[in-house]
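The structure appears right after this line, and notes come after that.
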Number of protein chains: 2
Amino acid sequence: MKNILVLGAGRSSSSLIKYLLELFEKTSSTITVGDQSENLAKEKTKNHPNSRCIQFTLEDQALKEKEIAGADVVISMLPPSMHTVVARECLKQKKHLITASYVSPEMAALHEDAKKSGLLFLNEAGLDPGIDHMSAMQIIDKIKASGGEITSFKSYTGGLIAPESDDNPWHYKFTWNPRNVILAGQGTAKYIEGGKYRYIPYNRLFKQTRIIEAEGLIFEGYANRDSLSYIDHYGLNKIKTMLRGTLRIAPFCRAWSVFVSLGLTDDSFIIDNSEKLSYADIVEALLPFSSKNELTLKEKLAIFCNEETTSVVMDMIEWTGILSDEKHGVKNASPAKILQTLLEQKLILKPDDKDMIVMHHEFIYQVNNENHKIYSLLVVKGEDTVHTAMSKTVGIPVGICARLLIENKIKDRGVLIPVNKEIYEPVLKELKNSGINFKEKEEQLTS
Amino acid sequence: MKNILVLGAGRSSSSLIKYLLELFEKTSSTITVGDQSENLAKEKTKNHPNSRCIQFTLEDQALKEKEIAGADVVISMLPPSMHTVVARECLKQKKHLITASYVSPEMAALHEDAKKSGLLFLNEAGLDPGIDHMSAMQIIDKIKASGGEITSFKSYTGGLIAPESDDNPWHYKFTWNPRNVILAGQGTAKYIEGGKYRYIPYNRLFKQTRIIEAEGLIFEGYANRDSLSYIDHYGLNKIKTMLRGTLRIAPFCRAWSVFVSLGLTDDSFIIDNSEKLSYADIVEALLPFSSKNELTLKEKLAIFCNEETTSVVMDMIEWTGILSDEKHGVKNASPAKILQTLLEQKLILKPDDKDMIVMHHEFIYQVNNENHKIYSLLVVKGEDTVHTAMSKTVGIPVGICARLLIENKIKDRGVLIPVNKEIYEPVLKELKNSGINFKEKEEQLTS
C-alpha cells in the first residue's frame, strides 16, 4: 500500500490525477491531493475511493510535515518557485520528489544531499521540458549505438489549437497563460548553427523563423531563449547545430512580428491616459508620425510593416480589433497589457474546443560517411477542456515516473532530469499506451 | 568676503572653477575645491591665491560638516546620486546649493524644507538640462507677452566634435562617457505630436529621426526618452507638439541604426567565449544565419540592413573595424561592451581636438491668426581638451548662478530649476559675455 502526495490541482494535474487513480484501481494505494482550494482538488478526484483531498498551503508548517511524512512519493505541481520549499522537506523526511519544471539553481544545489540520502528529485518530467528530453535521448542513444555521430539537432514544440477547433485566421488560441504568450521570446535567443554561436535579438525573433511541414500543416518555428544548456545533458559536445524552439501555425509569426515591431508586446512602459484611448489610438501612438491624413490606419500600418494592405497578415491584424475605435478601458496599461486584454477576448478557448500539442525533432547524423536525417513527430489532441493535450502530455509522464518510483524501477538518485535510458524507456513505452506516440521517419541525404 | 565650496573637480568643473576664480580676482572671496583626488583639484585651481584645495569624500562626516559650514554657497558637481547627501547637510547648515543634474524624486522631496529655511537648491543649471530651459523660457515668455500661443516646440542638443577636428566618417568622437553613448536611447521615447502622445521603441529610435540644417551642417535628431515632463514647467499645457532630442551629424543615426538592428548595442546578455572571438565573429553571430559562403561579411551585412555594399553607411560600419578579424579579447562581454571597446579606440579625442555643443530650438506660435516660426541656435566650440565646449556650457551657467546667489540677486527659494525670468535673464546675459550666445531667426509661415 502506497500513498502519492500531489501538491497543486491546477490544469496540468487533471490528467496526472486521472492516470494515478486508474493505476490504483483495485489496490489499496491512495493519492492525496492538496490544493489551496479543497474544492478544486475534489473536482479532479471526483471523490474516488482511492483519493483524499485536503486544503494545503506551504505556510502551514505542521500540515506540510505531516502530509509529506505520510507519502511515499511527492509530486509538486505548484508554481516553480515553490518547489525547493517542498524539496527541502522531502530531504528531511527522506521522500522522493517529482516536478515538471526546469531545474532551478536552488534545486540543483540539493543534488549531493539528495544523492547521499538515497533520494531521487526528478525534474523536467512533463512535456517541454520532459517528453522532449526523453524522446530525443531515445534517438540520440540509438544513433550513438549504431556508431553514428550527430551533427545537427533541431527540436520544436507548440501548444496549439486542434484543426477541428481552428476557426480564426491566427490558427491559434490561448491554451495556457496568455501573458506568457504575449511576452514570449523577450530577451535574446541563443543557439548554435554551423559550429558557431548565434544570437537573435527579440526584435528579429519572429522574423527569423523556420518553416516545418507536418500533418498537412505548415508551421513556423522560432528559437527559444537558450538552446545550448542541453548540449551537455544530451552528450552532444561535438554537435555543430542545436536549436530548440516554439511552433506556431503559419503565418502566425509573420503577423506577430508586426506587433513586436510596433512595440505592442512591450511591457516596460505605461501608455499615458491609456483608459481613455481606443485600440486605434494606441496603434497610432506607436506608429511613426505621418501627416498623410488621407490614409486609413490599416494603410499606414501596412506601409510601416511592408505588407500589402490586402495581405493575409494585414487581415489577421485587423481581425483582432486592434485597428478599431473601441475603447479598452484599462488604466495605467502597458502596450503588452492592452494587447493581452484584446487577444484574451478573441483567442479564447470555447467549451467544445480541443487543443493540440505538436513536437517535432529533426536530427542529422553521419555514419560510414553517409548523412542521414531522422524526423520524429508527436501530435496529441485534447479530449475536452479538462483533459487537454497540454494536461495529458504534462501530467501523464509525471504520473508514470511516480509509478516507476514506487515500483522501485528507478535506481538513479540525486537531482536529475529524465535523460537516462532507465527512465525514458519505460516512460515512453507507457506513454504509447496512453496514445502519446512519436512517428519516426528516416532518410539518407545525398551529399 | 564669500566662500564657494565646489565639490567634484572632474571635467565639467574646469570651466566653472576658471569662471569663479576670474570673478574673485582682486577680491578676498575664495573657492574651496574638494575632490577625492586633491591633485585633480589643484590641477584645476593652479594654486590660485583665491583658491583652496582639499581631499574630500562624503564618507568623512566631520569634514563634510566643517566644509559646508564654511561655505556661502555649495556647488555639487559630484555624481547625481550623491547630491541629496550634500543637500541634507546644506539644509542642516542653512546653505544654498547648486547642481547641474536632473531633479531626482529625493531632491524634489526637500522642496518645502528648503523653502521654509529660506534656501535655494537650484538644479538643472548646466547645459542640458540648464541652458536649454533658460533659453527656451526666454523665448516662451516673449511669445506669451506678445499674446502669442505656442503650438509646437522641438529642441535638440548634441555634444559633438568641431568641424575642424572632424577627421572620421562618423563625424563624431566621444566627448563624454562612451558607455552612455553606446546605450543611449534604450527604453521607449515618448513625446507629443499633433496633439497626441507618440512612442518610439528603441529598435526604431535611430530610424525615426528628423533632419535639421544649421551652420552649413546637416544634423539628424533622435527623440529623448521623455519629452513630456517639461510641459508643466514651461507652462505649455495647450501645446500640440513637444519633442526634446539629441543631435548627431548625418548620417550618424542611419549607421548607428545598423548596430541597433544587429543587436550590437545590447547590454543584456553575454557572448559566450567572447574573448576568443574576433569582431567579425561577433557580427556573424548576430546576423541571421546564411549558408551563402560566397558572400563577404560586408555583403551579408549590407543585405541584412538593406544598404548598398558601397553606401556611405556601409563604409562607416567597415571603418570602425567591426568587420575585421582582429580579436578584441574582452572576457564575458556583452555586445555593447565589445562595441564600446572598439569605438573607444576609433572615436577618441586627440590632444588638439576641439569639441562642439549645438543646441537648436524650433518654436511655432500663433498670433492674430498668423503662424510664426522661431529658430534659436547655439554653437559653442571648445578651447582645448580641458576647457571643452561641454565643460564651458555646463560649468559657466552654474558659476553664474552661484554669483547671482552670493550677490543676493535671486529671491526664489526651494528646490527649483532655472525657468524663472529672475534667474534666466541675468544668466543668459552673462553667458553672452562668455561667448555662449544664441542666434535667433523668425519667419512667418504661409498657411
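Remark on B:G126: its backbone amide H falls under 5 Å from those of B:I131, a criterion applied only to residues 5 or more positions apart or on other chains, H modelled at 1.01 Å from N.
Calculated translational diffusion coefficient of the protein assembly as shown (25 °C, 0.890 mPa s; Stokes-Einstein with Kirkwood radius over alpha-carbon pairs) equals 77 µm²/s. The charge dipole of the stretch B:52-92, taken about its Cα centre with unit charges on the Cβ of Lys, Arg, Asp and Glu (plus for the first two, minus for the last two), comes to roughly 60 debye.
Seen from every direction in turn and averaged, the convex hull around the alpha carbons of the stretch A:246-343 projects onto 6.4 nm².
Take every Cα pair under 8 Å whose residues are at least 6 apart in sequence, average their separation, divide by the length of the stretch B:208-328, and the relative contact order is 22 percent.
In chain A, a dipole from Cβ-located charges (positive for Lys and Arg, negative for Asp and Glu) runs towards its positive end, and of A:C253, A:F269, A:N39 it is A:N39 whose Cα lies farthest in that direction.
Think of chain A as a dipole: +1 on every Lys or Arg Cβ, -1 on every Asp or Glu Cβ, centred on the Cα centre; then among A:C401, A:C305, A:W319, A:C401 lies furthest on the positive end.
Residues whose amide H falls under 5 Å from that of B:M242, counting only those 5 or more places apart or on a different chain, are B:F153, B:I192, B:E193, with hydrogens built in the peptide plane. Distances from B:G329 to itself in the other copies, using label points 7 Å out along the Cα-Cβ axis, amount to 6.4 nm in increasing order.
Among A:83-94, B:434-445, B:251-262, how do they line up by average Cβ neighbours within 10 Å per residue, starting with the highest?
Result, highest mean first: B:251-262, A:83-94, B:434-445.
Please compute the per residue accessible area over the stretch A:163-289 with all protein chains in place, 1.4 Å probe, rounded to a whole number of Å².
Values: 4680 Å² over 127 residues.
Per-residue value: 37 Å².
The DSSP beta bridges internal to the stretch A:64-183 are antiparallel in roughly 10% of cases. Per-residue 3J(HN,Hα) values for the stretch A:440-445, derived from phi via the Karplus relation 6.51 cos²θ - 1.76 cosθ + 1.60 with θ = phi - 60°, read 10, 9, 10, 9, 8, 8 Hz in sequence order (x marks Gly and Pro). Among beta bridges identified by DSSP and lying wholly in the protein assembly as shown, the antiparallel ones come to about 60 percent. Would you mind telling me the share, in percent, of accessible area of chain B contributed by carbon and sulfur at probe 1.4 angstrom? After summing per-atom areas, the C and S share lands at 48 percent. Using Cα atoms only, what is the angle between the long axis of helix B:389-406 and the major principal axis of chain B, expressed in degrees (0 to 90) to the nearest 10? Tilt of helix B:389-406: around 20 degrees. Only aspartates and glutamates eight or more places from A:K2 in sequence, or on another chain, were considered; those with a Cα closer than 15 Å are A:E22, A:E25, A:E67, A:D72, A:E407. Over the stretch B:309-371, all Cα pairs binned in 10 Å intervals from 0 give whole-percent P(r) values of 14, 28, 25, 13, 11, 6, 1, listed from short to long. Applying 0.36 nm per residue to the separation of B:N39 and B:K240 and subtracting their alpha-carbon distance, the gain on full extension is 67.3 nm. Considering only chain A, the C-beta nearest to the rotation axis that sends A to B is found at A:N203, 2, the distance in whole Å.
Determine the percent antiparallel among the DSSP beta bridges restricted to chain B, to the nearest 5. For chain B, the DSSP antiparallel bridge percentage is about 60. Across the identical copies, the 7 Å label point of B:F289, projected outward along Cα→Cβ, sits 4.3 nm from its counterparts, in ascending order.
Using the Karplus relation 6.51 cos²θ - 1.76 cosθ + 1.60 with θ = phi - 60°, the per-residue 3J(HN,Hα) values for the stretch A:298-315 come to 4, 5, 4, 5, 4, 4, 4, 9, 6, 10, 5, 4, 9, 5, 4, 4, 5, 5 Hz, with x marking Gly and Pro. Pairs of lysine residues in the stretch A:157-255 that meet both criteria, 8 or more places apart or on different chains and Cα atoms under 26 Å apart, total 8.
Solvent exposure of the stretch B:294-434 amounts to 43 Å² per residue of accessible area, where only protein heavy atoms count and the probe is 1.4 Å. Using only Cα atoms, find the angle between the long axis of helix B:131-145 and the longest principal axis of chain B, and express it within 0 to 90 degrees, rounded to the nearest 10. In chain B, helix B:131-145 runs at an angle near 70 degrees to the longest axis.
With the contact rule set at Cα under 8 Å and sequence spacing of 6 or more, what percent relative contact order holds for the stretch B:39-148? In percent, rounded to a whole number, it is 19. Distance distribution P(r), chain A, all Cα-Cα pairs, bin width 20 angstrom from 0: 23, 52, 24, 1 percent.
Per residue, the average separation of C-alpha pairs within less than 8 Å and at least 6 apart gives chain B a relative contact order of 21 percent.
Round to the nearest 10 and give me the degree value, 0 to 90, for the angle of helix B:252-262's Cα axis relative to the longest principal axis of chain B. Rounded to the nearest ten degrees, it is 60. For the stretch B:1-104, the direction-averaged projected area of the alpha-carbon convex hull comes to 6.0 nm².
Summing both sides, the accessible surface hidden between B and A at a 1.4 Å probe radius is close to 2600 Å². Summarising the amide proton neighbourhood of B:L97: residues at separation of 5 or more, or on other chains, whose placed amide H is nearer than 5 Å comprise B:V74, B:L120, B:F121, B:L122.
Residues in the stretch A:45-55 carry Karplus couplings, in order, of 8, 6, 6, 4, x, 8, 10, 9, 10, 9, 6 Hz; the curve used is 6.51 cos²θ - 1.76 cosθ + 1.60 with θ = phi - 60°, and Gly or Pro positions show x. Shown for A:T57: label points 7 Å from Cα along the beta-carbon vector, and their distances to the equivalent points in the other copies, 4.7 nm in ascending order.
Which value, in debye to the nearest 20, describes the size of the charge dipole of chain A about its Cα centre when Lys and Arg Cβ atoms bear +1, Asp and Glu Cβ atoms bear -1, and nothing else is charged?
My answer is approximately 1260 debye.
For the stretch A:22-135, the solvent-accessible area works out to 46 Å² per residue, with a probe of 1.4 Å and every protein chain left in place.
Set the bar at 18 Å for Cα to Cα. Now go through A:K66/A:K94; A:K44/A:K432; B:K94/B:K115; A:K18/A:K392; B:K142/B:K409 and name every pair that lies beyond it. Mind dumping the intermediate values first?
Values: A:K66/A:K94 13 Å; A:K44/A:K432 23 Å; B:K94/B:K115 11 Å; A:K18/A:K392 10 Å; B:K142/B:K409 22 Å.
Violating the 18 Å Cα-Cα cut-off are A:K44/A:K432; B:K142/B:K409.
Residues in the stretch B:260-292, backbone N under 12 Å from the label point at B:Q345 (7 Å along the Cα-to-beta-carbon vector): list them, ranges by number please. Only B:278-280 pass the distance filter.
The values are calculated or read from the model by the stated rules, or taken from the named source; none is laboratory data. Everything quoted here is computed from the prediction, not taken from an experiment. Counting neighbours? That spans all protein chains shown, and the Cβs are built from the backbone with ideal geometry, glycine included. Accessible surface areas use protein heavy atoms only, side chains included; no ligands, DNA or RNA. Shrake-Rupley method; radii C 1.70, N 1.55, O 1.52, S 1.80 Å.
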